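Trainee: Handing you a structure now.
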Amino acid sequence: MKSVFRPWQSYHDLSITASIITGALFLCLLLVPGLIHWLFSIPSEPATDFMSRRAGVLFLGLSIITFQARHAPQTQLRRGISLGIAVMMASLALLGTAEYFRGHTGIGIWLAIVTETLFALLYARFLFGKN
């Protein structure tokens, strides 16, 4: 019997999950940046909309990379992608935590922090030869 979809079990499933989430973030940040501003309790202004749209394009690139790399064999390239994503997600989680405690964002940032920490840990597993 085939197991249920568990994104933490294979590089393929984790990459598809990451691609879907980052693709959704791209659409949200590009088309409805005010939603993220509301969730994070930050002011929605033309400058923050501009930076949100720019960040959205970065998430589009990440979505494409993770989707295209889903079948990558265990090579230095896959380890490089895993390292890059793990470092990026861990850095975002640390930045979000710091900004929360500095009072620059609201409680909604914890949704991002938990998700980013989870992705950092899951991608870090593939640095050490996990399938």
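The values are calculated or read from the model by the stated rules, or taken from the named source; none is laboratory data. Since the model is a prediction, treat every value here as computed from it, not as a measurement. All Cβ positions, even for glycine, are placed from backbone atoms using ideal geometry, and neighbour counts span all protein chains on display.
Trainee: For the stretch 102-131, which positions are β-branched (V, I, T), more than 18 Å from A24 (Cβ to Cβ) and buried (at least 17 other Cβ atoms within 10 Å of the Cβ)?
Mentor: T105, T117
Trainee: Taking A24 and the conditions (1) more than 26 Å from F128 (Cβ to Cβ); (2) surrounded by 13 or more Cβ atoms within 10 Å (Cβ to Cβ); (3) of a type in the set (A, V, I, L, M), which numbered condition does it fall short on, given that it satisfies the others?
Mentor: Unmet condition: (2).
Trainee: Consider only pairs whose beta carbons are under 7 Å apart and that are at least six residues apart or on different chains; among these, list those whose first residue lies in the stretch 109-130 and is under 18 Å from G96 (Cβ atoms) and whose second residue is of a type in the set (V, I, T) and part of a helix (DSSP H, G or I).
Mentor: I113/T97; F119/I85; Y123/I85
Trainee: If you don't mind, there's one more thing I want to ask. Could you tell me whether the stretch 100-108 includes any residue that is of a type in the set (D, E, K, R), touching a Ser or Thr at 6+ places or on another chain (Cβ under 7 Å), farther than 29 Å from Q9 by Cα and at pLDDT 95 or above?
Mentor: no
Trainee: Right, here's the next one. Answer yes or no as to whether L83 is in contact with a Ser or Thr (Cβ under 8 Å, 6 or more places away or on another chain), aliphatic (A, V, I, L, M), under 23 Å from I16 (Cα atoms) and free of Cβ contacts under 8 Å to residues at least 60 places away in the same chain.
Mentor: no
Trainee: Considering each residue of the stretch 71-101, count those that are surrounded by fewer than 17 Cβ atoms within 10 Å (Cβ to Cβ) and touching an Asp or Glu at 6+ places or on another chain (Cβ under 8 Å), and give that number.
Mentor: Number of matching residues: 0.
Trainee: Report every pair of residues separated by at least 6 positions or lying on different chains whose Cβ atoms are under 6 Å apart, first residue within the stretch 1-29 and of a type in the set (D, E, K, R), second modelled with pLDDT under 90.
Mentor: From residues that are of a type in the set (D, E, K, R), the pairs are D13/P7.
Trainee: Take the residues in the stretch 42-54 that are farther than 19 Å from G106 by Cα and under 19 Å from the mean Cα position of the chain (by Cα), then tell me which one is surrounded by the most Cβ atoms within 10 Å (Cβ to Cβ).
Mentor: Only one residue tops the list, namely R53.
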